[in-house]
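Participant: Quick one: structure below, then a few questions.
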Amino acid sequence: MNTQKQILKKRIAVANKDIAADVVIKNAKIIDVFNLEITEGDVAISDGMIVGIGKYEGKEVIDAKGKYVSPSFIDAHVHIESSMVTPSEFAKVVLPHGVTTVITDPHEIGNVSGEEGIRFMLDDSENIPLDVFTMLPSCVPATPFENAGATLTAHDLKPFYHYERVLGLAEVMDYPSLQKGEDSMLDKIAATTPFTHNIDGHLAGLDTNAINVYKAAGIRTDHECTTVHEAKERLQRGMYLLIREGSVAKDLVSLIGVVNERNARRCLFCTDDKHLDDLIEEGSIDHNVRLAIKEGLDPIIAISMASLNAAECYGLHEKGAIAPGYEADFILLDDLETIAISSVYKAGKHVAGNGTYTGRPIVKKTAQPALTSTVKTPELTDHDLQIRLGDTKKAHIIEIIPNQLRTNKRIEEVHSVNGAFIPSTAQDQLKMVVVERHHHTGNIGLGIVKGFGLKEGAIATTIAHDSHNIVAAGTNDGDILKAIEALDDMNGGLVMVKDGETIASLPLSIAGLMSDGSYEEVAAGLLQLKDAFVQLGFTGDFNPFLTLSFLTLPVIPELKLTDLGLFDVGDCRHIEVGVKD
């Protein structure tokens, strides 16, 4: 008798009460995500699967003591690299928050290290108590308007579809290529469909007809909505709506009003990009659920969006419910208002309790040298950072919108000496620099950014979506140059400089995106950086590093900066910084 047949015989026997279950949950209020109600009964578990609800006996009994038993949560779209820790460390962070499954897109490391980067993420997430499913990066590089560290073609991606945990093609963000039907994009979609129909969209700032184009191409989801109107348009055309609440893009409050009992099954939650400190302090998908409930959504609908809906969207047929035939991934909740998580179980085994990971030790993979030597910068001088304006006193300026990925395109008068821009803290006009760090091209993009509120110094990082070149912003050239030099010395990370001295830094040696240390070490480093912002005069209520890292993403309106220069997203072209009178 083969193993699978033996497992099935045992499950049936337990369901039929012929033999005792491995585990039985008793005295629990069961959240029924199918009928959106609360039921009661024992929950029988065999070999990590739920096999019955009713009255059962088990070898091990979990006394819920009147708590709610809920399916655990699924993050429908996340870039693990944005947490700055590896998947094996990421698991220890999100499991205490009730997240036992994530759908990840490794396009951050893919843009730096290509296929080798994807393999590292798959290997490091193997045999850990967090189910990490992967959507393959569709846009490496993200656009032709910048230089990334790698190029991934349909031919490069196709072998990965044979990995069991690869679910489909990740966010298609190169809309111009899709709209024009360019072979490079259509080849990737065509290579995906024989294996799966899971293809994610990325419709930031696009009109209604773009939804038609995406859907006609077989693309099923969008996580870039910012208004109820946008959300409803996508739902009307059959898309799944991923409601995002990350560290920069916080869209839930603006979108949750679109959800009702008629359309909720097409709505789910994601974090997209969330920093480690935010994950630790406020949570992951559990934070989305709490916030949705606070905004008036029925708690059981919110929980179903965080579990069953995400599972159904991505074809995870054995996840997302407390019911026979579903995996025993569940959480015990004290209440349905604060979603206070007392215990988390993965495949029927306790993995977290009261905010702490309690599972087995996790062995992390060691990154190969090709992944830890990815910062290659030219020698720079003040001359290389000059923004030449000529006779004009006006300039195009990137204005940040706190806690948003979008920026405003502004034209303002600026200060200059001998035709070269001079930063002004009084006008909150800082210099911004993007340095290509992958291929020794020598490319340097220069621009002006408004909204950081820094009074002194400079900040720089190798996290610069999506090509992940070096990006810096500062009040003077000397500190900007010092910050870039420091990043080169430590093989990537985040750094803050004042008066020519590094005042805080966090090395991220794996592709310049992730630390090879523990999440506790990274959290301590982030706290040091946060505290050091006082020395630069920062008083804002947003994360400057995370904001800076998205100012290089030329697929989200309005103005961005790449290594090739200032980019107007609306016009889809690079433009001059100076504005002629």
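To keep it simple, each residue is scored yes or no on (1) modelled with pLDDT under 95; (2) more than 18 Å from the chain's Cα centre (by Cα); (3) outside any loop (DSSP other than H, G, I, E, B).
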site	(1), (2), (3)
155	no, yes, yes
160	no, yes, yes
169	no, no, yes
181	no, yes, no
187	no, yes, yes
195	no, yes, no
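Participant: Report, by residue number, each residue of the range 514-524 that is under 23 Å from residue 369 (Cβ atoms) and of a type in the set (Gly, Ala, Ser).
Facilitator: Hits for the range 514-524 are 515, 517, 518.
Participant: Do you know which residues across the range 57-78 are buried (at least 23 other Cβ atoms within 10 Å of the Cβ) and assigned to a loop (DSSP other than H, G, I, E, B)?
Facilitator: Matches in the range 57-78: 72 only.
Participant: If we only count strands (runs of 3 or more DSSP E) wholly inside the range 415-472, which ones have 1 or more residues that are out of contact with any His (no Cβ under 8 Å at 6 or more places or on another chain) and of a type in the set (S, T, N, Q)?
Facilitator: Per the criteria, 458-461.
Residue-by-condition table, conditions (1) surrounded by fewer than 24 Cβ atoms within 10 Å (Cβ to Cβ); (2) acidic (Asp, Glu); (3) touching a Cys at 6+ places or on another chain (Cβ under 8 Å); (4) farther than 30 Å from residue 106 by Cβ:
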residue	(1), (2), (3), (4)
371	yes, no, no, no
390	yes, no, no, yes
415	yes, no, no, yes
419	yes, no, no, yes
422	yes, no, no, yes
428	yes, yes, no, yes
433	no, no, no, no
447	no, no, no, no
459	no, no, no, no
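Participant: Looking only at residues in the range 367-391 that are in a helix (DSSP H, G or I) and over 29 Å from residue 122 (Cα atoms), which one is nearest to the chain's Cα centre (by Cα)?
Facilitator: 385
Participant: What are the residues in the range 331-366 that are more than 23 Å from the chain's Cα centre (by Cα), among the hydroxyl-bearing types (Ser, Thr, Tyr), closer than 28 Å to residue 123 by Cα and not in a strand (DSSP E or B), if any?
Facilitator: 358
Participant: Which residues, taken from the range 339-356, are under 18 Å from residue 74 (Cα atoms) and out of contact with any strand residue (DSSP E or B) (no Cβ under 7 Å at 6 or more places or on another chain)?
Facilitator: 349, 355
Participant: Any residue at all in the range 129-146 that is in a loop (DSSP other than H, G, I, E, B), touching a helix residue (DSSP H, G or I) at 6+ places or on another chain (Cβ under 7 Å) and farther than 24 Å from residue 210 by Cα?
Facilitator: yes
Participant: Select from the range 1-30 the residues that are under 20 Å from residue 67 (Cβ atoms) and either under 36 Å from the mean Cα position of the chain (by Cα) or modelled with pLDDT under 95 (or both) and write down the one among them that is surrounded by the most Cβ atoms within 10 Å (Cβ to Cβ).
Facilitator: 25
Participant: Are any residues in the range 219-238 part of a loop (DSSP other than H, G, I, E, B), in contact with a helix residue (DSSP H, G or I) (Cβ under 7 Å, 6 or more places away or on another chain) and closer than 19 Å to residue 311 by Cα, and if so, which ones?
Facilitator: Step one: of the range 219-238, the residues part of a loop (DSSP other than H, G, I, E, B) are 219-220, 223-227, 237-238.
Retained after the next criterion (residues that are in contact with a helix residue (DSSP H, G or I) (Cβ under 7 Å, 6 or more places away or on another chain)): 225-227, 237-238.
If the condition is that a residue be part of a loop (DSSP other than H, G, I, E, B), in contact with a helix residue (DSSP H, G or I) (Cβ under 7 Å, 6 or more places away or on another chain) and closer than 19 Å to residue 311 by Cα, then 238 is the only one that fits.
Participant: Can you tell me which residue among 569, 579, 555 is surrounded by fewer than 18 Cβ atoms within 10 Å (Cβ to Cβ) and over 19 Å from residue 461 (Cβ atoms)?
Facilitator: 579
Participant: Return the residue satisfying two criteria in turn: it lies in the range 529-542 and is farther than 17 Å from residue 430 by Cβ and either loosely packed, with under 14 Cβ neighbours inside 10 Å or not assigned by TED's automatic domain parsing to the domain that holds residue 452 (or both), and of such residues it is modelled with the lowest pLDDT.
Facilitator: Filtering first and then ranking leaves 541.
The values are calculated or read from the model by the stated rules, or taken from the named source; none is laboratory data. Only a predicted model underlies this, so the values are computations on that prediction, with no experimental measurement involved. Don't worry about glycine lacking a Cβ; one is built from the backbone with ideal geometry, like all the others, and counts go over all protein chains shown.
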